[in-house]
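Accompanying notes for the structure given below.
Here, each number is a calculation from the coordinates, and none is a lab measurement. Please read these numbers as outputs of a predicted model, since none were measured by experiment. We place every Cβ from the backbone using ideal geometry, glycine too, and count neighbours over all the protein chains shown.
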């Protein structure tokens with residue numbers, strides 16, 4: 001499922017078919033040094049990593065880490081996106097690219113588009129980025145897209161120290177404006193192909209938990225079926241909006 005495009009790149013959902021590319025990325029020396037060693041050594045392990053670490057988050061958050069590929073040839077370049085980690089109060093932007101594709105500005109281009117998507121499509125008003133304390137190359141990307149360096153910190157999301165970068169809206173919208181924007185995103189997610197990936201980002205964590213608990217099929221086809229089932233609620237202004245740790249979300253009735 002496509003999420004967004006830039007001048008040179010397409011960002012889309014990963015699928016299990018991306019396992020060989022993901023295995024290669026997770027075993028890049030720079031990934032292991034600067035991020036962590038996922039101990040994924042086979043395509044089968046990579047497919048399981050994609051299922052558990054990526055596909056499930058598309059359902060539970062309405063966003064995640066997306067595959068980055070060349071717009072002209074479809075070649076896999078790396079990943080970029082935004083997730084909400086345990087131990088961080090706000091979503092953070094992350095990225096990683098195969099070393100043979102370094103030096104072309106892909107990380108900055110993908111991160112710039114992701115940052116705009118977070119603000120303009122997902123309505124986020126507070127976004128983080130984290131790197132290793134000495135990973136200055138990644139830090140320069142975060143600074144270039146508009147985040148500010150908050151220094152080296154110990155976060156609950158990482159075992160060692162991290163350098164934390166932050167952006168927050170200077171004039172956050174009031175509750176009424178946020179709820180109105182949420183209802184517009186909800187309508188778009190149920191009626192427009194380009195907004196489809198944001199569907200899960202419109203509802204409360206409790207609702208999402210009902211969808212994902214015990215589920216094994218996190219495919220795009222199953223996700224689309226879930227969206228179609230809720231399409232009649234696109235214009236339901238009576239759905240209650242409630243505050244959650246992720247912001248205002250709609251609370252859907254039990255099915």
- Normalised contact order of the chain, rounded percent, pairs of Cα under 8 Å and 6 or more residues apart: 17 percent
- Query: With springs only between Cα atoms under 10 Å, which of 206, 170, 18 fluctuates most in a Gaussian network model of the chain?
  - Reply: 170
- Share of antiparallel DSSP beta bridges in segment 32-174, in percent to the nearest 5? 90 percent
- Message: Antiparallel versus total DSSP beta bridges in the chain: what percent is that, nearest 5?
- Response: 90 percent
- Kirkwood-type radius of segment 122-255, with distances r between different C-alpha atoms, in Å: 17.2 Å
- Based on DSSP H runs of at least 4 residues, each adding -39500 (n - 2.57), what is the mean residue ellipticity at 222 nm of the chain after dividing by all its residues, to the nearest 500 deg cm²/dmol? -10000 deg cm²/dmol
- Query: Relative contact order, percent, of segment 1-78 when contacts are C-alpha pairs under 8 Å separated by at least 6 residues?
  - Reply: 37 percent
- Exposure proxy check on 207, 152, 3: fewest-to-most Cβ neighbours within 10 Å is 152, 207, 3
- Expressed in angstrom, Rg and Dmax over the Cα atoms of segment 2-122 are 13.5, 38
- Task: Please work out whether segment 175-250 counts as rounded, prolate or oblate from its C-alpha gyration tensor, where a ≥ b ≥ c are the square roots of the eigenvalues and a/c under 1.5 means rounded, while otherwise a/b larger than b/c means prolate and anything else oblate?
- Result: oblate
- Value of relative contact order over segment 175-250, rounded to a whole percent, pairs C-alpha under 8 Å and six or more apart: 39 percent
